[in-house]
Amino acid sequence: MRRLIVLLILLGASALVRLLGEPGSGAQWLMTFGFLILGAYSVGELVSRIGLPKIIGYLAAGFVFGPRVLGVVTSDAAHRLAPVSGLAIALIAFLAGAELRWSEVRSRGPTIAKLLGAEITVTFVLLAGATALFGDALPFIRASGGLAELAAFSLLFASIAVVHSPAVTMALLSETRAEGPVARTTLGVVLVSDVAVVLLFSGALALARVLAPPSGLDATGSTVGAVIWEIAGAAIVGAALGALVALYLRFLKQELFLFALVMAFLGSLLARALHVEVLLTLLTAGFVAENVSPREIGDGFRHAMERAATPVFVVFFALAGAELSPASIAASWTFVIPIVVLRIVGIRVGTWLGGRWASAPVEGRYVWMGLVSQAGVAIGLASAVAQAYPERGVAMRDVFFAVIAVNELLGPILFRVGLTRAGEIGALPQSETTEAVAH
């Protein structure tokens with residue numbers, strides 16, 4: 001009830017500000033930003049009470065408050081707040097890298113590598129093939145584009161569709177206090193998959209720019225050398241930025257909240273200035289900073305960055321919801337449902353093959369149930385495509401929002417079932433409980 005009252009007060013206050021304020025004034029955009037932080041967060045809290053992920057609430061709030069329904073967030077306001085989306089994508093990538101502890105990977109490395117390798121390969125091939133078969137029936141593929149464009153967007157779509165959700169996995173493990181080979185292997189797979197998927201996406205996006213240059217992009221600038229530098233250079237720049245962060249954490253350790261935001265901005269600006277892949281740069285920086293720094297210092301910085309990122313993420317997802325096109329999503333449901341089913345089939349077959357390869361039959365039987373969820377990283381990658389391809393990328397993003405919504409609802413349910421069947425839901429020792437919550 002309190003959240004509903006807060007929403008009503010916010011709506012009334014925003015209507016009064018719009019009535020009294022001057023259209024187009026700076027205060028209007030500041031008001032919109034503040035409204036989205038409070039309003040979308042309140043909706044997220046409300047939907048979490050009925051068992052839905054908060055991200056769904058943020059997206060729904062953005063859509064309802066956006067220009068297509070209530071109009072609290074205008075199209076002009078959403079455009080003015082576009083830099084927030086760029087910052088959110090940078091933070092998503094940095095945090096994804098920072099979540100990946102080398103010790104976690106090393107402890108179950110061979111099993112994780114085989115499961116993930118087989119699962120991503122099978123799922124990627126299935127989804128790329130399905131996208132190519134649908135062809136120009138999809139809103140982001142033109143009939144006149146030819147085979148090169150069809151291949152580019154099919155690979156790009158599949159590279160995002162294979163994304164998992166570490167956030168959902170870690171939240172459910174913390175909630176259920178699950179412990180065992182399925183729980184630990186699933187956690188390792190989803191954490192390592194962020195790195196693998198960003199690498200895959202970076203390559204696919206670089207290739208897409210060569211095969212189907214975005215409007216206004218000089219195709220002659222997208223050479224093989226440029227593609228190689230875009231990916232390899234991102235690893236170099238990201239490693240250097242991560243080392244800089246590690247030095248700061250070791251010797252200064254002050255104002256971590258502000259430092260986290262500055263590093264995200266700096267990494268994003270450096271990547272664009274040096275023409276390297278932004279997501280891969282920030283992911284590498286997060287990984288290096290977390291694993292080079294002492295454990296307690298790295299954890300402190302990651303938690304500071306998570307606090308800094310929270311309001312940015314709320315506004316980011318709300319803005320994404322405000323830009324949703326119901327007509328585009330409705331027109332794509334005949335594609336969304338097959339993609340959701342094929343993705344689940346690919347995950348199931350891939351983990352079964354990976355389990356046999358790794359001689360881990362229990363993991364091969366149940367880990368797939370923890371890999372269905374999709375959330376922040378998938379939305380971030382889809383938004384990155386929308387920035388690269390302002391027209392067709394937006395259409396692809398709208399399709400992804402529908403796919404993600406279905407997977408986000410199915411995923412937590414399936415993972416809980418898998419942990420129950422594996423007999424791993426129970427109490428953790430106190431030290432491990434603390435570690436699971438920290439991660």
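The values are calculated or read from the model by the stated rules, or taken from the named source; none is laboratory data. All values derive from a computational prediction rather than experimental measurement. Heads up, the Cβs are rebuilt from the backbone with ideal geometry, glycines too, and the neighbour counts pull from every protein chain shown. Only protein heavy atoms, including side chains, enter the accessible area calculation; ligands, DNA and RNA are left aside. Shrake-Rupley method; radii C 1.70, N 1.55, O 1.52, S 1.80 Å.
In segment 268-287, which residue that is open to solvent by 20 Å² or more (accessible area, probe 1.4 Å) and touching a residue at least 60 places away in the same chain (Cβ under 8 Å) is farthest from ALA384 (Cα to Cα)?
PHE287
For segment 198-219, what are the residues that are modelled with pLDDT under 85 and within 21 Å of VAL340 (Cα to Cα)?
VAL198
State which residue pairs qualify: first residue surrounded by 24 or more Cβ atoms within 10 Å (Cβ to Cβ) and inside segment 150-162, second residue modelled with pLDDT of 90 or more and among the aromatic types (Phe, Trp, Tyr) in any location, beta carbons under 6 Å apart, and separation of 6 or more residues or different chains.
These pairs meet every condition: ALA158/PHE124; VAL162/PHE124.
Looking at (1) without any contact (Cβ under 8 Å) to a residue 60 or more places away in the chain; (2) open to solvent by 40 Å² or more (accessible area, probe 1.4 Å), find the lone condition where PHE313 falls short.
Answer for PHE313: the failing condition is (1).
Would you mind listing the helices (runs of 4 or more DSSP H) fully within segment 347-428 where at least 1 residues are more than 18 Å from the chain's Cα centre (by Cα), over 15 Å from ALA183 (Cβ atoms) and not hydroxyl-bearing (Ser, Thr, Tyr)?
Numbers: elements: 361-366, 376-388, 392-421.
Because the criterion is at least 1 residues that are more than 18 Å from the chain's Cα centre (by Cα), over 15 Å from ALA183 (Cβ atoms) and not hydroxyl-bearing (Ser, Thr, Tyr), the helices (runs of 4 or more DSSP H) in segment 347-428 that meet it are 361-366, 392-421.
Tell me which of these LEU115 doesn't satisfy, since it passes every other one: (1) closer than 24 Å to ARG295 by Cβ; (2) open to solvent by less than 10 Å² (accessible area, probe 1.4 Å).
(1)
Would you please name the residue that is farthest from LEU115 (Cα to Cα), looking only at residues in segment 401-416 that are modelled with pLDDT of 85 or more and crowded, with 21+ Cβ neighbours inside 10 Å?
Restricting to residues being modelled with pLDDT of 85 or more and crowded, with 21+ Cβ neighbours inside 10 Å, the top hit is VAL403.
Taking helices (runs of 4 or more DSSP H) that do not extend beyond segment 1-92, which have at least 3 residues that are surrounded by fewer than 16 Cβ atoms within 10 Å (Cβ to Cβ) and modelled with pLDDT under 75?
Correct list: 2-20, 26-48.
Can you work out which of the residues in segment 131-149 that are touching a Lys or Arg at 6+ places or on another chain (Cβ under 9 Å) and in a helix (DSSP H, G or I) is modelled with the highest pLDDT?
Checking each candidate, the answer is GLU149.
Residue by residue through segment 342-382, note down the ones that are of a type in the set (Gly, Ala, Ser) and surrounded by fewer than 24 Cβ atoms within 10 Å (Cβ to Cβ).
ALA358, SER359, ALA360
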